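Visitor: Right, I'll just put the structure down here and ask away after.
The values are calculated or read from the model by the stated rules, or taken from the named source; none is laboratory data. Because the structure is a prediction, the values reported are computed rather than measured. All Cβ positions, glycine included, derive from the backbone under ideal geometry; neighbour counts span all protein chains shown. Areas reflect the complete protein model, heavy atoms only, side chains present, ligands, DNA and RNA absent. Shrake-Rupley method; radii C 1.70, N 1.55, O 1.52, S 1.80 Å.
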Amino acid sequence: MSPPRTPAGRSAADCFAPDAGTLRVDAAIAALVGAVDCRLGTETVPLHRARGRVLAAPVVSARPVPPHDNSAVDGYAVSAGDLDADGETRLPVSARIAAGHPPEGPLAAGTAARIFTGAVLPAGADTVVPQEACRTDGGAVVLPAGVRRGANRRQAGEDVRAGDTVIVPGTRLRAQEVGLAAAVGLDRIEVRRRLRAAVFSTGDEIREPGAEAPPGCIYDSNRHVVSALLDGLGVEVTDLGILPDRFDAVRDGLAAAAAGHDLIVTSGGVSTGEEDHVKAAVGLLGGLHFWRIAVRPGRPLSVGLVGDVPFVGLPGNPVAAMATLLMVVRPMVLKLAGAVPETPLPARVRAGFDFRKRVGRREWLRARLGPGGDGVPVAQRFPSEGSGILTSMVWADGLVDLPEELAAVAVGDLVDFVPFRDLTG
């Protein structure tokens, strides 16, 4: 991975220096994406291991798909010129053609060939009549009237032409891209090395799930949430656990993480207090900047460098940490991984609630969809907006995204809805 971009005359850490004041969400996303580049190495993997990986080189088809004109159905291959447009046509059957067995020669004039799905059409045939529309008569077949020329004929190259680029670099490979690579004859594909991210927590009050949690202590959910979300984006996550709340331990842990990772992520614990060692350690090893984003939940975000490795400090409340990672930091993660840093297109749904908000601040409301009387889904919001209520994210299907300029929502208004399924994979 290359160091983040830096204009001439600025230190590498200054690429994350915030603009004055509070950032709008779109500006924060643009700043994060613009500050980093991907220079991950590549590797070639078999197709069965390619899903979820980021394509590193274009996939170009060496041949057309399908490679030959072929039948889309089981039936009879004919020349449309031999068919009676106004009545049935009786033609002798001169050949039988199965898939995988090319015809031995062209279709004899005035005859039909018994053909099966996927079989190559013989020269001279341009139409296939489904078998259920026909009836046999000894060694002949009776074909119906009104058959359209070219019916049930798959033409060579109608899907892919030889020389076509069928998948472009930066694509996160889904099952359909894997299938298309196979269709053009590839058994292996060149992808980016997986982005490696280190995730850790700090704090004397934090305990590992499964351990004792004395009074005043809480279990560490954020680290597990962040690790799971990054894993869903195809990132190779190293869980550094809970670092001891000592400056030397945090400093040494960060330095070791930077040596073997492309991104470092934590949540909470980056403040100005005397016990905040993350802020001091990141500042010593690279540089740290604090961003205030005009959004609820998720206003505080810290970004910087440990050496030349980007560091992201998410908000400490679990809902804010999740929302900020999914809605703001995710495009940056995708770009670091070599993928197109897209943001999902929201769906338009109807609000099933009234809500007032502050103009100038983006709001993400946890919501669940239900059917609407006019066919448009209706979003119901979770009754509490508390950033620490993790059960709300379990209850919700996604986030209603209310723009900065909006002041209020009334029942029945159309609003933008971003499903979790579009953000977490």
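Visitor: Please give the length that would be gained between E205 and T44 if that part of the chain were fully extended, namely 0.36 nm times their separation in residues minus their C-alpha to C-alpha distance (nm, one decimal).
Guide: The span from E205 to T44 would gain 53.5 nm if fully extended.
Visitor: Taking the Cα-to-Cβ direction at A17 and at D86 and moving 7 Å from each Cα, how far apart do the two end points lie in nm?
Guide: Modelled inter-label distance: 8.7 nm.
Visitor: Another question about this same structure. Mind ranking 125-133, 209-217, 353-361 by how tightly packed they are, going by the mean number of other C-beta atoms within 10 angstrom, highest first?
Guide: Final packing ranking: 125-133, 353-361, 209-217.
Visitor: Here's something else I'd like to know. Let me understand the range 105-185 better: what is its radius of gyration from the alpha carbons, and its Dmax, in angstrom?
Guide: 18.0, 58
Visitor: For the chain, what's the relative contact order in percent, using C-alpha pairs closer than 8 Å and at least 6 residues apart?
Guide: 17 percent
Visitor: For the charge dipole of the chain, defined by +1 on Lys and Arg C-beta atoms and -1 on Asp and Glu C-beta atoms about the Cα centroid, which residue among G372, F16, V226 has the Cα displaced farthest towards the positive pole?
Guide: Selected residue: F16.
Visitor: Using only the Cα atoms of the chain, construct the convex hull and provide its projected area averaged over every direction, in square nanometres to one decimal.
Guide: So the Cα hull casts an average projection of 29.0 nm².
Visitor: Percent relative contact order of the range 287-372, based on C-alpha pairs within less than 8 angstrom and at least six residues apart?
Guide: 24 percent
Visitor: Okay, moving on. Compute the distance from the alpha-carbon center of the range 202-260 to that of the range 127-192, in whole Å.
Guide: A separation of 51 Å, based on Cα centres.
Visitor: Tell me which of G338, A280, T202 sits at the most positive position along the dipole axis of the range 194-345, charges placed on C-beta atoms (Lys, Arg +1; Asp, Glu -1).
Guide: G338
Visitor: In nm, what is the difference between 0.36 nm times the number of residues separating D252 and C217 and their Cα-Cα distance?
Guide: Taking D252 through C217 to full extension adds about 10.1 nm, to one decimal.
Visitor: Add -39500 (n - 2.57) for each DSSP H run of 4 or more in the chain, then divide by its residues: what number comes out at 222 nm, to the nearest 500 deg cm²/dmol?
Guide: -5000 deg cm²/dmol
Visitor: Using only the alpha carbons of the range 51-149, determine the length spanned along each of the three principal axes and report them from longest to shortest in whole angstroms.
Guide: Computed over the range 51-149, the largest-to-smallest principal extents equal 57, 27, 21 Å.
Visitor: Can you pull the percent of the range 278-327's accessible area that's carbon plus sulfur, 1.4 Å probe, other chains left in place?
Guide: Whole-percent figure for carbon plus sulfur exposure: 51.
Visitor: While we're here: Compute a Gaussian network model of the chain, connecting alpha carbons closer than 10 Å, and tell me which residue from A259, A182, A95 fluctuates the most.
Guide: In this elastic network of the chain, the residue with the biggest mean-square fluctuation among A259, A182, A95 is A95.
Visitor: Could you order the peptides 155-163, 278-286 from most to least packed, using the average number of other C-beta atoms within 10 Å per residue?
Guide: 278-286, 155-163
Visitor: Then there is this: Give me D for the range 209-315 in µm² s⁻¹, whole number, from Stokes-Einstein with Rh from the Kirkwood sum over alpha-carbon pairs, 37 °C and 0.692 mPa s.
Guide: Estimated diffusion coefficient is 223 µm²/s.
Visitor: Next up: Only Lys, Arg, Asp and Glu count, each charged at its Cβ (+1, +1, -1, -1), so figure out the dipole size of the range 114-250 about its Cα centre, rounded to 20 debye.
Guide: Taking the Cα centre of the range 114-250 as origin, the dipole is about 1040 debye.
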